[in-house]
Amino acid sequence: SVLHLLAGQQHRVKRDLVKERREASRIVTTCPTLNRLGENGHEWLIPDLEASLELLLELQALPHPIRIEWPEGERFRLSKSVSSSQLSLKLNRVRDWFHLEGTVQVDENLVIDMQELIERLESAKGRFIPLADGRFLALTRQFQKQLERLRMVSEADSKGRRVPLLGSLAVRDVVEEAGTLQTDRHWKEFSARLKASGELQPTLPSTLQAELRDYQVDGFNWLSRLASWGAGACLSDDMGLGKTVQAIAVLLEQGKLGPMLVIAPTSVCHNWEAEIDRFAPTLRVHSLSSAGDRTAMITGIGSMEVLICSYGLLHQEIDQLAKINWQMMVLDEAQAIKNAGTQRFKAVQRLQANFRLAMTGTPIENYLEELWSQFAIINPGLLGSRDAFQRRFAGPIERNRNDGALQTLRMLIRPFILRRTKSAVLAELPPRTELTLEIELPEEERAFYEALRRKAIESLTQLETGEGGQRRIHILAEITRLRRCCCHPALITPETHLPGAKLDTFLELVDELICNHHKALVFSQFVGQLERVKKALDAKKIHYQYLDGSTPAKDREKRVTAFQNGDGDLFLISLKAGGTGLNLTAADYVIHLDPWWNPAVEDQASDRAHRIGQHRPVTVYRLIVRDSIEQKILQLHRHKRDLASDLLEGAEISGRLSEEDLLDLIRG
């Protein structure tokens, strides 16, 4: 029982402390801010303005109103939570943008312009927006996120905001949740096309000569839907998951609508020709590098035809290529255009295509701006200007690890990028995938090889067939010289300054593997080639293990154990020293720098990684010089399978190959 003075008169009041404590506990339990801060004898110190406003909003939302006293200063005036349902929005298309302007009805007496609200949000304390009259406007958390996302993907103009056409996907929720929405026909057509592409059930072309795995069918469907919608795509599957065959299926589907262009590094252009011939024989393939009249080839191309062009040739023929309205354009190894300041990027930017597909296992190698460069080609405007991208995304994410900027960027690109790793689709993968990477020699290196080949023919022509197989020995010696030359010209002429195209290709492949956290076994028959690889890796500070025939048995075991325990990204192994008897399941990639006479020997080497205890799919790469003796050895792999038994017994060359067969390997 307590006495209380009210209006000059004393009153006795009987208090129920148990009930008071119960009511106080109910209030504290209902207010997350009080719960989070913790109490000190029913006292709380609210640390900042944002937390104070959060608490005030929580108190106002209590089912039974309570009185709040303000002992000092002016009380906080706070609106009730405002959501997107109180937004009136007007949206229309202006060239390549959607223009948005709108107002928010706070209460019957206050309407605030959406653009002003977004501007105030930049300096606000969380979701509480200070207004000119001293009040605070409280946004729901959902509405706050929607407006912040709109601010980051749009630009201010004289009356409101403008959003790139495809960027409007990131703000579609606030548009559709607006209480009042006024749009033009362009938005309705955009939404209808988006809905139709989402409901599309693509069908694999009947003329596709390949059995796609389930995840590859999913990739085809995804690409087909984006093509029907008119948006570009970035297929970013992990190495060895079959990006090329997925793209070929779409080329086959789109072919009837017009000509198609594939741009790729020189080393894989021939692979594209071979793969299209193999999987899509109804498509007619043209190689720009082999054209006698390039202008005639470009201007004469039509439906169901594919032009293969290297990035190098692109510079020379861009004026002609830019005149064609391509139905589909494929950029293979799209990290080649990651630098927006290069002439290559500017050349690609001039190309016209209804559907643009970038293919890369590493869309980001070092900096976020590399992603911007690729999307500036496949979906121009989606990520804004280069400067705006740096300001909104690259800077905040790379410097400050801004999670809001990161989430917004993900939302922007998510519909247009497909990334599957081997681990994600492991259940569908075969235990081993084998790929051949053909290398086009540069002019000087090609001339070096050709001179060596002609000299070999001249030398062997002068030899007569003799007893004891002496001529055969000479033929094998010349074959070995040509094979060593394919590995590196310095293995023939140590003083040469030629860099070695195969070594350059290998180092590019290694960079991509390490970037994607893979480990690889690297095999060669020639110790001299492995020594050159060692020097190149040392220069790049790439850690590796090494094993050849001169390695002592004790060291051999130590190096294997070290690699299995994670010491080294690569294991360099001479084929004879490491083709059998090793368990190296820490690697999920195998690279053969040069082809052996029979695939059975290579298979045994590959089985060092692909064996019991390996839980990941293994990808095997063979690096082959195009139009060389190496390519002819691969033909032996296909046409002379009976070599296996001889080689497994230790013979270097099968006796079933005549001297004439061997000479055919050298002849052009």
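The values are calculated or read from the model by the stated rules, or taken from the named source; none is laboratory data. Fair warning: this is a prediction, and the values are worked out from it, not measured in the lab. Counting neighbours? That spans all protein chains shown, and the Cβs are built from the backbone with ideal geometry, glycine included. The area values use the complete protein model at the heavy-atom level, side chains included, leaving out ligands, DNA and RNA. Shrake-Rupley method; radii C 1.70, N 1.55, O 1.52, S 1.80 Å.
Summary table below
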item: Evaluation of residue 201 against (1) at pLDDT 90 or above; (2) closer than 20 Å to residue 88 by Cα (one fails), failing number; result: (2)
item: Residues of segment 156-189 classified as under 27 Å from the mean Cα position of the chain (by Cα) and either farther than 13 Å from residue 89 by Cα or of a type in the set (S, T, N, Q) (or both), total; result: 8
item: Count of residues meeting criterion [over 28 Å from the mean Cα position of the chain (by Cα) and either closer than 17 Å to residue 480 by Cβ or part of a strand (DSSP E or B) (or both)] in segment 431-450; result: 2
item: Qualifying residues in segment 318-333 (those that are under 16 Å from residue 262 (Cα atoms) and open to solvent by 60 Å² or more (accessible area, probe 1.4 Å)) - the one nearest to the chain's Cα centre (by Cα); result: 325
item: Positions within segment 31-81 being polar (S, T, N, Q), part of a helix (DSSP H, G or I) and closer than 29 Å to residue 109 by Cβ, in sequence order; result: 33, 52, 60
item: Count of segment 508-556 residues which are open to solvent by 30 Å² or more (accessible area, probe 1.4 Å), under 22 Å from residue 335 (Cα atoms) and part of a helix (DSSP H, G or I); result: 4
item: Whichever residue in segment 359-384 is modelled with pLDDT of 85 or more and polar (S, T, N, Q) and, among such residues, is nearest to residue 509 (Cα to Cα); result: 360
item: Pair list, Cβ under 6 Å, 6 or more apart: segment 518-539 residue free of Cβ contacts under 8 Å to residues at least 40 places away in the same chain and closer than 19 Å to residue 563 by Cβ, other residue assigned to a strand (DSSP E or B) and among the aromatic types (Phe, Trp, Tyr); result: 537/544
item: Residue check, residue 387 under 27 Å from residue 171 (Cα atoms), surrounded by fewer than 20 Cβ atoms within 10 Å (Cβ to Cβ) and at pLDDT 90 or above; result: yes
item: Residue list for segment 580-596, restricted to those being at pLDDT 80 or above and either within 25 Å of residue 630 (Cα to Cα) or not hydrophobic (A, V, I, L, M, F, W, C) (or both); result: 585, 588, 589, 590, 591, 592, 593, 594, 595, 596
item: Single residue of segment 256-267 satisfying the filter (crowded, with 22+ Cβ neighbours inside 10 Å and aliphatic (A, V, I, L, M)) that is farthest from residue 299 (Cα to Cα); result: 264
item: Filter result for residue 289 (among the hydroxyl-bearing types (Ser, Thr, Tyr), in contact with a Leu (Cβ under 8 Å, 6 or more places away or on another chain) and either within 17 Å of residue 251 (Cα to Cα) or in a helix (DSSP H, G or I) (or both)); result: yes
item: Output for segment 390-422, where each listed residue is crowded, with 16+ Cβ neighbours inside 10 Å and hydroxyl-bearing (Ser, Thr, Tyr); result: 408
item: Count of residues meeting criterion [modelled with pLDDT of 75 or more and either touching a helix residue (DSSP H, G or I) at 6+ places or on another chain (Cβ under 7 Å) or in a loop (DSSP other than H, G, I, E, B) (or both)] in segment 598-609; result: 4
item: Residue within segment 292-310 that is under 30 Å from residue 368 (Cβ atoms), at pLDDT below 95 and touching a strand residue (DSSP E or B) at 6+ places or on another chain (Cβ under 6 Å) present; result: no
item: Selected residue [of a type outside the set (Val, Ile, Thr), surrounded by 14 or more Cβ atoms within 10 Å (Cβ to Cβ) and modelled with pLDDT of 90 or more] from 88, 81; result: 88
item: Tabulated pairs, segment 624-635, first surrounded by 17 or more Cβ atoms within 10 Å (Cβ to Cβ), second among the small types (Gly, Ala, Ser), C-beta under 8 angstrom, 6+ apart or interchain; result: 625/501
item: Odd one out for residue 582, checked against (1) within 30 Å of the chain's Cα centre (by Cα); (2) assigned to a loop (DSSP other than H, G, I, E, B); result: (1)
item: Only one of 340, 394, 336 that is touching a residue at least 40 places away in the same chain (Cβ under 8 Å), over 15 Å from the mean Cα position of the chain (by Cα) and not in a strand (DSSP E or B); result: 340
item: Which numbered condition residue 376 misses (of (1) surrounded by 14 or more Cβ atoms within 10 Å (Cβ to Cβ); (2) in contact with an Asp or Glu (Cβ under 8 Å, 6 or more places away or on another chain)); result: (2)
item: Candidates 111, 94, 153, filtered to the one that is closer than 23 Å to residue 385 by Cα, open to solvent by 20 Å² or more (accessible area, probe 1.4 Å), at pLDDT 85 or above and hydrophobic (A, V, I, L, M, F, W, C); result: 94
item: Test: residue in segment 36-50 that is among the polar types (S, T, N, Q) and surrounded by 10 or more Cβ atoms within 10 Å (Cβ to Cβ); result: no
item: Some residue of segment 357-370 being open to solvent by less than 20 Å² (accessible area, probe 1.4 Å) and acidic (Asp, Glu); result: yes
item: Count of segment 226-254 residues which are open to solvent by 10 Å² or more (accessible area, probe 1.4 Å) and either of a type in the set (Gly, Ala, Ser) or at positive phi (or both); result: 5
item: Among the residues listed as 509, 547, 521, 570, the single one being more than 21 Å from residue 238 (Cα to Cα), touching a strand residue (DSSP E or B) at 6+ places or on another chain (Cβ under 8 Å) and among the hydrophobic types (A, V, I, L, M, F, W, C); result: 547
item: Where residue 27 falls short, out of the listed (1) of a type outside the set (Lys, Arg); (2) in contact with a Lys or Arg (Cβ under 8 Å, 6 or more places away or on another chain); (3) in a helix (DSSP H, G or I); (4) more than 30 Å from residue 103 (Cβ to Cβ); result: (2)
item: Among the candidates 43, 50, 54, 58, residue that is over 19 Å from residue 141 (Cβ atoms) and acidic (Asp, Glu); result: 43
item: Qualifying residue in segment 434-442 (condition: of a type outside the set (Val, Ile, Thr), within 30 Å of residue 625 (Cβ to Cβ) and open to solvent by less than 20 Å² (accessible area, probe 1.4 Å)); result: yes
